[in-house]
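Since every read-out is calculated from the coordinates, none of them should be taken as a lab result. Quantities reported herein were computed from a predicted structural model and do not represent experimental measurements. Neighbour counts run over all protein chains shown; Cβ positions are idealised from the backbone, glycine included.
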Amino acid sequence: MNGYMYILECSDGSYYTGSTKYLELRLNQHQNGEGAKHTKKRLPVKLIYFEEFQRIDEAFYREKQVQGWSRKKKEALINGFQEQLPSLSKAYRDLTSVASSASATEIQKIATPEALEVTPEALEGGVHKLKLKMETKIENQLKELEQKHQVKILYACETGSRAWGFPSPDSDYDVRMIYMHDLDWYLSLADKKDTIEFMSEDGELDVTGWDIKKCLKLMWKSNGALLERVQSPIVYREENNIASLLKAYSEKCFAPIATMHHYLGMAKNSFSEIEGRNEVKLKKLFYALRATLACKWILEKNSVPPIVFITMVNELSFDQSLKDKIVTLIKLKSGQTEKYMHTAEKELNDFITKELEIADKAFENLSGRKEREVDLDFLFKQIVRTY
């Protein structure tokens with residue numbers, strides 16, 4: 001056997017799920033405080049469950065699947081109650097929470113509760129449905145698209161300003177979905193349409209979907225839009241924690257130079273629309289700021305930029321007065337329409353100019369994909385066979 005998925009019980013009673021090629025060695029690393037951050041702070045740990053696989057990528061796939069399960073479902077697996085797993089399959093994806101005004105601990109550094117639309121759990125990476133007033137309309141439209149195109153929607157989420165965390169009252173709903181066809185659909189020499197689009201008559205609801213095969217090809221290219229999509233804090237539909245699985249693989253495929261190209265182009269285009277003007281659409285300023293901070297994140301953190309804008313504001317290093325100004329503008333935008341014109345913010349414009357110059361100079365020296373060997377063929381086969 002060349003791979004193991006394992007579950008540890010930590011000293012505080014929490015569970016840690018991991019995967020490894022060498023189980024005994026990995027256990028020793030955990031016990032010596034050389035494993036994950038979670039176990040390092042909760043020693044000693046105890047191995048309570050493991051599964052063996054022929055390949056390490058199979059173990060990794062299983063790890064990400066189990067990682068997103070609820071505690072009860074993990075305990076059913078640990079205790080051998082296989083028959084209980086289907087009834088516990090709702091896990092996190094079916095939790096419903098009302099959009100809250102409370103902010104996460106890290107957000108409280110600079111943000112007031114009114115600046116945020118999503119729950120603290122969502123900002124910290126959990127996948128929760130939000131009770132939006134459009135939820136029923138969105139779900140009905142997803143069902144209609146499934147029937148019309150004969151597909152299964154694996155994942156549907158919000159993108160755009162609502163997911164980024166700076167919506168206006170009249171912001172539209174940008175729903176993005178990942179879907180799959182029956183196996184026979186893929187067994188064809190013909191090139192087939194791998195996207196679905198829908199726009200409501202009033203323009204309030206914009207739905208775009210990509211086939212899972214297309215998504216994995218884009219993941220291999222470190223596509224910025226896809227990297228954001230699997231992080232969305234607003235999820236309308238999710239099958240078997242697939243977002244966590246795709247997020248884990250997207251981090252393995254992350255190529256700083258490719259993702260920088262995406263955000264740098266976006267930042268320059270957005271900034272060109274407001275640079276040198278006395279009054280600007282506030283949403284255009286946020287588009288430029290968000291893409292600029294994503295570039296800065298890649299340079300400082302060397303990782304996938306988070307979709308939630310305020311997370312980048314909090315965790316990146318730049319002047320506190322600018323951070324305070326951004327939070328004030330988020331609150332302002334939450335009470336203005338999308339057409340609202342705002343007096344140009346010179347300090348923020350200067351900041352964007354400076355950061356884009358830095359990103360431009362650093363671009364050509366950025367690296368490609370972090371991990372050269374990522375078996376997306378295996379992941380694709382697993383998804384079409386099991387979902």
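Here are the numbers for this structure:
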| item | result |
| --- | --- |
| Stretch gain in nm, segment Asn278-Leu332, where the contour uses 0.36 nm per residue and the Cα spacing is subtracted | 17.6 nm |
| Long-range Cα-Cα pairs in segment 256-363 (distance over 26 Å), rounded percent | 12 percent |
| Relative exposure of Arg42, Arg385, judged by other C-beta atoms within 10 Å (fewest first) | Arg385, Arg42 |
| Violating pairs (Cα-Cα greater than 32 angstrom) within the set Lys152/Lys325; Lys137/Lys325; Lys74/Lys213 | Lys152/Lys325; Lys137/Lys325 |
| Among 28-36, 205-213, 243-251, the order from most to least packed when residues are scored by Cβ within 10 Å on average | 243-251, 205-213, 28-36 |
| Rounded, prolate or oblate (a/c below 1.5 giving rounded, otherwise prolate when a/b exceeds b/c) for segment 3-88 by Cα gyration tensor | oblate |
| Theoretical FRET efficiency, 1/(1+(r/R0)^6), r = Cβ-Cβ of His149 and Phe378, R0 25 Å, to 0.05 | 0.40 |
| Counting all C-alpha pairs of the chain, share separated by more than 28 Å (%) | 51 percent |
| C-alpha center-to-center spacing [segment 255-280, segment 4-60] in angstrom | 42 Å |
